[in-house]
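*Asks:* Quick one: the structure is below, and I'll ask about it shortly.
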Amino acid sequence: MKKKPEIVIFLIVSVMVIILGIAIFTIFFDEAVIVRKGTFYREPVSDKVVALTFDDGPSPVWTPKILDELKKAGVKATFFMLGDHVEKYPEIAKRVAQEGHEIGNHTYDHHVLFYYKTQELEKEIKDTEKIIKNVTGQTTRYFRPPKAWLTDEEKKKIKEMGYKVILWSLNSKDWVTFDDKYIVKYILRNIRSGDIILFHDSGGVFSTEGGRRKETVKTIPRLVEKLKERGYKFVTVTELLNSVRQ
């Protein structure tokens with residue numbers, strides 16, 4: 001009986017250690033590295049080009065601010081949108097398209113797809129494809145899975161549907177709300193030609209909507225300026241993939 005308090009304390013400490021370990025893993029390790037096989041995450045090009053990508057939008061608060069900064073910088077990007085958010089904020093989605101940016105499919109409501117049946121996966125992608133087309137006029141053939149997680153079987157199915165799975169080679173981790181100076185420093189230290197850089201224009205640590213993208217907005221002009229000084233040009237995902245074929 002005397003050991004019960006010790007057991008309880010041990011269990012509590014164990015749970016706390018596990019939670020801390022998961023938090024550290026999520027914040028400082030890029031899980032996309034594990035599932036890159038069979039996807040497009042970086043293209044080996046000789047030209048100094050990089051692609052900026054934004055996930056989880058559109059957001060009525062942050063997407064317009066990000067678009068403003070991209071316009072000032074003269075940069076085009078690729079936005080992987082949620083069908084649910086496109087339905088809620090169609091005018092913002094339209095603006096993304098009207099300003100010459102590219103749109104990709106990021107599922108309807110950001111559910112991780114690991115446990116989806118084949119029919120459920122197909123419906124998730126097709127429904128979002130239809131919403132994006134109806135609202136923006138763009139027909140996308142690029143798909144980015146939430147959290148990057150996909151099984152080999154799911155990758156095969158997505159390819160059969162005519163989609164390319166687009167991941168990333170550099171993760172800004174902006175959803176953690178790192179300081180913009182830290183994000184810029186990290187990217188500049190690791191940048192290579194052909195990189196696909198992951199940002200977010202919506203969401204936070206516990207939600208795919210709302211969140212705080214202030215640091216993302218501040219990062220764009222600083223990062224663009226520094227990379228242009230190094231001779232880099234900014235391209236959409238399509239332009240990056242096409243540059244490989246040329």
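The values are calculated or read from the model by the stated rules, or taken from the named source; none is laboratory data. Predicted model only: the values in this text are computed from it and were never measured. Neighbour counts run over all protein chains shown; Cβ positions are idealised from the backbone, glycine included.
*Asks:* Examine the range 110-126 for a residue that is among the aromatic types (Phe, Trp, Tyr) and without any contact (Cβ under 8 Å) to a residue 12 or more places away in the chain, and state whether such a residue exists. Walk me through it before giving the result.
*Replies:* Applying the first criterion (among the aromatic types (Phe, Trp, Tyr)) to the range 110-126 yields 114-116.
Right, trim to without any contact (Cβ under 8 Å) to a residue 12 or more places away in the chain and you get 115.
Yes, the range 110-126 contains at least one residue that is among the aromatic types (Phe, Trp, Tyr) and without any contact (Cβ under 8 Å) to a residue 12 or more places away in the chain.
*Asks:* Considering only helices (runs of 4 or more DSSP H) fully contained in the range 131-246, which possess at least 1 residues that are among the small types (Gly, Ala, Ser) and over 19 Å from Asp56 (Cα atoms)? Quick ask: steps written out before the conclusion?
*Replies:* Working: elements: 152-160, 180-190, 214-229, 237-245.
In the range 131-246, 237-245 are the helices (runs of 4 or more DSSP H) which contain 1 or more residues that are among the small types (Gly, Ala, Ser) and over 19 Å from Asp56 (Cα atoms).
*Asks:* So Ile187 fits all but one of (1) closer than 22 Å to Glu43 by Cβ; (2) of a type outside the set (S, T, N, Q); (3) free of Cβ contacts under 8 Å to residues at least 12 places away in the same chain; what number is the exception?
*Replies:* The number of the failed condition is (3).
*Asks:* Which of (1) buried (at least 16 other Cβ atoms within 10 Å of the Cβ); (2) of a type in the set (Val, Ile, Thr); (3) out of contact with any strand residue (DSSP E or B) (no Cβ under 8 Å at 6 or more places or on another chain) does Thr118 not meet, given it meets every other one?
*Replies:* Of everything listed in (1) buried (at least 16 other Cβ atoms within 10 Å of the Cβ); (2) of a type in the set (Val, Ile, Thr); (3) out of contact with any strand residue (DSSP E or B) (no Cβ under 8 Å at 6 or more places or on another chain), Thr118 misses just condition (1).
*Asks:* May I pose another question? Name, by its number, the condition in (1) crowded, with 19+ Cβ neighbours inside 10 Å; (2) of a type outside the set (D, E, K, R); (3) modelled with pLDDT under 95 that does not hold for Ile197.
*Replies:* Looking at each condition in turn, Ile197 falls short on (3).
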